[in-house]
Structures are given as C-alpha cells and as structure tokens.
Amino acid sequence: MTDVSPKGAAGVRMRSVDKAFGPNVVLRELNLEVEPGERVVIIGPSGSGKTTILRVIMTLERIDGGTIRVGGQHLYHEPVGDQLKAASEKHIRKVRSNIGMVFQHFNLFPHMSALENIMLAPVKVHNKSRDEARETGMELLAKVGLSEHANHTPGQLSGGQKQRVAIARALAAEPAVMLFDEVTSALDPELVGEVLSVLRDIAEEGSTTMMLVTHEMAFAREVADRLVMFDNGRIVEEGRPSDVLDTPQKPRTREFLGAVGDQ
Amino acid sequence: MSEAVATSPTPSGPSTDQKLAYEPHRKWYRRPEILGPVAIVIAVYAVLLGVEVQPGRYRSAFTADGDLALDWDYFFHLIPQMLTGAYVLARATVLGFTGAIVLGLLMALGRRSQFKPLSWVSAFVIEFVRSTPLLVQLFFLQALFRTTDVVNLSGVQILVLGLALHYGTYTSEGYRAGINSVPDGQWEASTALNLDPITKWTRIIIPQAVPNVLPALGNNLIASFKDAPMGGPVLAVPCMLFFANTIRAEDFRSVEPMLLIGAGFLLISIPAAWGLRRLEERIEYER
C-alpha cells in the first residue's frame, strides 16, 4: 500500500488564529503552515496551548479570530464573492471529513467491539457497504497487530491496544490530515513502544499529513520533518528536529529541553 | 483465581477478599432493599393468617353495619372484581409510561436544542408540570377534555394522558442526567469521526446513556403505577380504588377492599422492582 489516502495529502494553513478561554489567551495570532505530507511535531510545556492547536483544527473548539485552511479550503469560513463569511455547519462537516484525530485518552466507544469501532464511520459517514468496511477494518487491525482482538470490547483491551484500535479507527476514514494529541501520555511506559511503532509505520508508508503533540523527544527526532517549539500561545522556535533539539537558539527552548531531558 | 482454588482448604484472609472481589453483585436475597419489602409482605401475610386462625376473637357479632372486623369470605369474594380493576390500571400504566418514555425523550432533546425558543418552551413545560401535583393535573385535563363536546375522552384515556405528561417530565430529567453522564471524550470522538447527528445520538450517546437512565426509569415506572389509582376517584376509571369507594358506599366496608388493594400493589410492585434491577445488571457493561 503506497497510497494510504486516495484523497491525497492536504496541507494546513493557520493565519493569525486567536483562541481564548475566558481571560486565558491560549493562541495569539498563531501562524502555522503545514505542507501536504509533512510531519510536524509540536513540543512545549503543558498548558502552553499546543493541544488547542489540534483541537481548533478538529473543530472541537471554535476559533475567536483568524482563518484555518485545510487542503486549500477554509474550515471556518465560506468565500462569498471576495468576502469571507462564517461557515455553515454543513460546510464545516465537509471540510472536516479530511481530518482525523487520535486522542490522549483513546475515546473508543465502550459499547462496541474493536472492529465495530473502526467500521462505524466508514459505514455511516462514507457510505461503504458493511462487507467492504469489515474487510478494510480487518486490514487495519492487522496493520496495528490486533487481528485476534477484533471482537473484544475496549474494556477487554490494554491501554496500548486501545490506542492502536483508536489509530486504526481514525485511519479508516482515510483522512488527508491526521492529528495525534499526546497519544502515548496516558499509557504505561512499557506500552508506549507498541503505539509509537504503529505511528512510525504510518509515517513511513503513507503520504498523510501528520501533526503530533508529544513529549517523546526521541520519537520526534526520528519521525518529524519539522519540530515546532510552542509556549504561551506562540511559536518560540521551529526547524529540523536535530537543529532544534541539539542546538536550540532560544533560551526558552533550552530551558524546556533541559527540563524534559532530551534522550 | 486458580491459586485461590488451590489454597481453598486453608481459609485465610486474602482468599476471602478475593472471593468477594469476584462476586460484585450480592444475591438478591442478601440485598436489604429487596429483603426489606419481602419481609414486610411476609409479616403482613403472617398477621392476616393469625387473624384467620382466631376469627372469633376479632369478629363482632354484628355483620350488617358499622362492622370493622375482617371477614375473610368477603375478602376472597372481592378478588375477581379487584383483578379486573388491577388489569385496567396496569394497562393504563403501561400505556401512560410508554407515552412518558417517548415524551420524556422529546422534552429532554428539546431542552438541549440549540434553537433557543424550543429549549425555553421545553424547560418551562418540564418545570411547570413537575411543580404541580398529578391530582390537580388530572382534574385539569378532565375539565379540558371531558366537559366540551369538541374533544370527549374517556376516563382511562385522560389517565393515560396525565400519566404520560406527568411522568414524561420526570423521565426527561432522567434522560438529561443520563446524557450528561456520557463522557466528553465520546462527543469529541463523534466529532472527530465526522458522524452525523443522527448516528451520534442513536449509536453513541443514547446507548451509553441508557444504562445510566434505567434506574430512574424503573423508579418512575413503579411510581406511576402507584399513582395510577388516582384515576379511580377523580376520573371514575373502573380500577380498584373506584371499586373500593363503591363498596364503601354500598356495603359500608373499607378494610377488606383496602387490604386487598395494598396486598395487590405489593404483589405487583416488588417483582417489578426486582425484575428491573436484574435488567439493570444485565445491561451494564465494562467501561
């Protein structure tokens, strides 16, 4: 499988995006451009707003200002003539279908088996037949190494297995952009490796655009095309992972890397 | 577990702890909330039997008027009539509560609606109905639907309507609590998978809310069954209480019919409560 996403990869362009929760400003006129097929890892101290970047792209939080484009289409706006108008839910749904997300706490549906979790969106959203969806579902489960767990419910799976099912579920929709929000943070240390190796496979074989928020610096160095250091609602520093990790230019980055202890 | 089995000949602290851990649900006859009512029923029956054993002691020489003593022949003679009354009530309860389940869901969804006027109207109706007694509502509905020629509903129909409306508001609050108990992550995953609202509600939210709503629904069902007899005196629905009133007026007897009604309710309510609890246990799943 050379082409995971038939839709092709899509880029993400965030232009002066603002987001605040009450008095707490989380994103300050953020400009971030991700090229199609690029893998960007976002690092930064907790509470810096890095997760919010992913959440506003997934439309889990709505932005206060600025624009976001995914695959060239405005996410929160509809062009009317040469003006931009606030987008309808229908428009947002259409653009959102290009995006997939994997969560820190998996968020699997506990009343469904692993396979049913994966099949739901293809059958209900993408109008695939059940047979077709089951076939792709089993392929995806094989890919994440969980074929024999197809009929197990999330309650019967370990944390690492749950997260692998969640990744397979997100992949089933064949998104052009994949968002990974601290996907290993809730796992026991010995289970982190199995999830990272699945991510590595996706990064290697696919043309999918990936945006990852993580604290796994060694993994970031290995997978990322670009590393973004984020703090206090702004990008502090960005560049090739080896450059940022080995020769950080900004004192804030040095301080952060010193605190997390780069492996 | 195999370890516990292997070491079972020597009774020790940890193994009993382990045994408890494997049986999270106590047997129904060990649950005080079931044992209590059952004990009360048995005690009541025992007292009644005691009364029957020594009838002469309580039975007055007078049987015609003003006699309050228990007449067992009369008691058993009432059973067929009361059974037909119980049937009418049970049917009204089932119909009314079915209506309440549907109406409650509509009101709960209406209250959650993004469309503000619908949300306000739903909230107002829920608060208004919840804050007034069923008795008053039945009189009101009777005045509305029985005194005009335009709409003329029977007593049973008004009772069903009243129960559906009154218990619909209670069920809607149950639904609301159940829906709120579905974790945020499930809503977010639904958005991330781009599920349409119908799929989100029917496949994700409602299936997970139901186990949380079920205890409230069960309690409401039993409460509505206990409230249904109001239809007798108010609406002249031919139920047990209506018969009891008639009997009191004609034969000046209250003890036998009322005793029969109490026993009848216990005989229906307790198995119903037990059945609902079993249902709750079955429907639970591991999160």
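Restricting attention to segment A:203-218, the residues being under 24 Å from residue A:193 (Cβ atoms) and surrounded by fewer than 21 Cβ atoms within 10 Å (Cβ to Cβ) number 7. Within segment A:145-173, residues that are in contact (Cβ under 8 Å) with a residue 40 or more places away in the chain sit with their Cβ atoms under 6 Å from residues that are part of a helix (DSSP H, G or I) and of a type in the set (D, E, K, R), at 6+ positions apart or across chains, in these pairs: A:154/A:162. Each residue in segment A:121-136 was checked for being buried (at least 19 other Cβ atoms within 10 Å of the Cβ) and in contact (Cβ under 8 Å) with a residue 24 or more places away in the chain, and 3 of them qualify. When restricted to residues that are within 14 Å of chain A (Cβ to nearest Cβ) and among the hydroxyl-bearing types (Ser, Thr, Tyr), segment B:148-198 contains 3. Within segment B:167-181, the residues that satisfy the criterion of being farther than 9 Å from residue B:101 by Cα and not β-branched (Val, Ile, Thr) are B:170, B:173, B:174, B:175, B:176, B:177, B:178, B:180, B:181. Out of all the residues in segment B:148-167, is one or more farther than 19 Å from residue B:133 by Cβ, out of contact with any helix residue (DSSP H, G or I) (no Cβ under 6 Å at 6 or more places or on another chain) and touching a residue at least 24 places away in the same chain (Cβ under 8 Å)? Scanning segment B:148-167 turns up no residue that is farther than 19 Å from residue B:133 by Cβ, out of contact with any helix residue (DSSP H, G or I) (no Cβ under 6 Å at 6 or more places or on another chain) and touching a residue at least 24 places away in the same chain (Cβ under 8 Å). Please give the number of the condition residue A:238 fails out of (1) more than 14 Å from every other protein chain (Cβ to nearest Cβ); (2) touching a residue at least 12 places away in the same chain (Cβ under 8 Å); (3) of a type in the set (Asp, Glu); (4) more than 25 Å from residue A:19 (Cβ to Cβ). For residue A:238, the failing item is (4). Can you pull out the residues in segment A:17-43 that are in a strand (DSSP E or B), of a type in the set (D, E, K, R) and either surrounded by 22 or more Cβ atoms within 10 Å (Cβ to Cβ) or within 14 Å of the chain's Cα centre (by Cα) (or both)? Those that are in a strand (DSSP E or B), of a type in the set (D, E, K, R) and either surrounded by 22 or more Cβ atoms within 10 Å (Cβ to Cβ) or within 14 Å of the chain's Cα centre (by Cα) (or both): A:19, A:39.
None of A:230, A:219 is touching a Pro at 6+ places or on another chain (Cβ under 9 Å) and aromatic (Phe, Trp, Tyr) except A:230. In segment A:51-82, the residue that is surrounded by the most Cβ atoms within 10 Å (Cβ to Cβ) out of those that are among the charged types (D, E, K, R), at pLDDT 90 or above and outside any strand (DSSP E or B) is A:55. Listed by position, the helices (runs of 4 or more DSSP H) inside segment A:105-208 whose residues that are within 12 Å of chain B (Cβ to nearest Cβ) and out of contact with any Pro (no Cβ under 9 Å at 6 or more places or on another chain) number at least 2 are A:114-124, A:159-172.
Here are some residues: B:245, B:194, B:219. Which one is free of Cβ contacts under 8 Å to residues at least 40 places away in the same chain and within 19 Å of the chain's Cα centre (by Cα)?
Numbers: B:245 fails: within 19 Å of the chain's Cα centre (by Cα); B:194 fails: within 19 Å of the chain's Cα centre (by Cα).
Checking each option against the conditions leaves just B:219.
Taking the criterion of being within 13 Å of another protein chain (Cβ to nearest Cβ) and basic (Lys, Arg), the residues of segment A:57-90 that qualify are A:62, A:90.
Filtering segment B:259-280 for residues that are within 14 Å of chain A (Cβ to nearest Cβ), touching a residue at least 60 places away in the same chain (Cβ under 8 Å), within 30 Å of residue A:112 (Cβ to Cβ) and assigned to a helix (DSSP H, G or I) leaves an empty set. I'd like the full set of residues that are closer than 14 Å to residue A:182 by Cα and within 14 Å of chain B (Cβ to nearest Cβ), limited to segment A:27-56. A:51, A:52, A:54, A:55, listed by residue number. Screening residue A:164 against (1) at pLDDT below 90; (2) surrounded by 15 or more Cβ atoms within 10 Å (Cβ to Cβ) leaves a single unmet condition, (1).
Do you know which residues across segment A:91-104 are closer than 23 Å to residue A:160 by Cα, in a loop (DSSP other than H, G, I, E, B) and at the interface with chain B (Cβ under 8 Å from one of its Cβ atoms)?
Of everything in segment A:91-104, just one residue is closer than 23 Å to residue A:160 by Cα, in a loop (DSSP other than H, G, I, E, B) and at the interface with chain B (Cβ under 8 Å from one of its Cβ atoms), namely A:103.
The values are calculated or read from the model by the stated rules, or taken from the named source; none is laboratory data. This one's a predicted model, so the numbers in the text were calculated from it and none came from an experiment. Cβ sites come from the backbone with ideal geometry, for glycine too, and all protein chains shown count toward neighbours.
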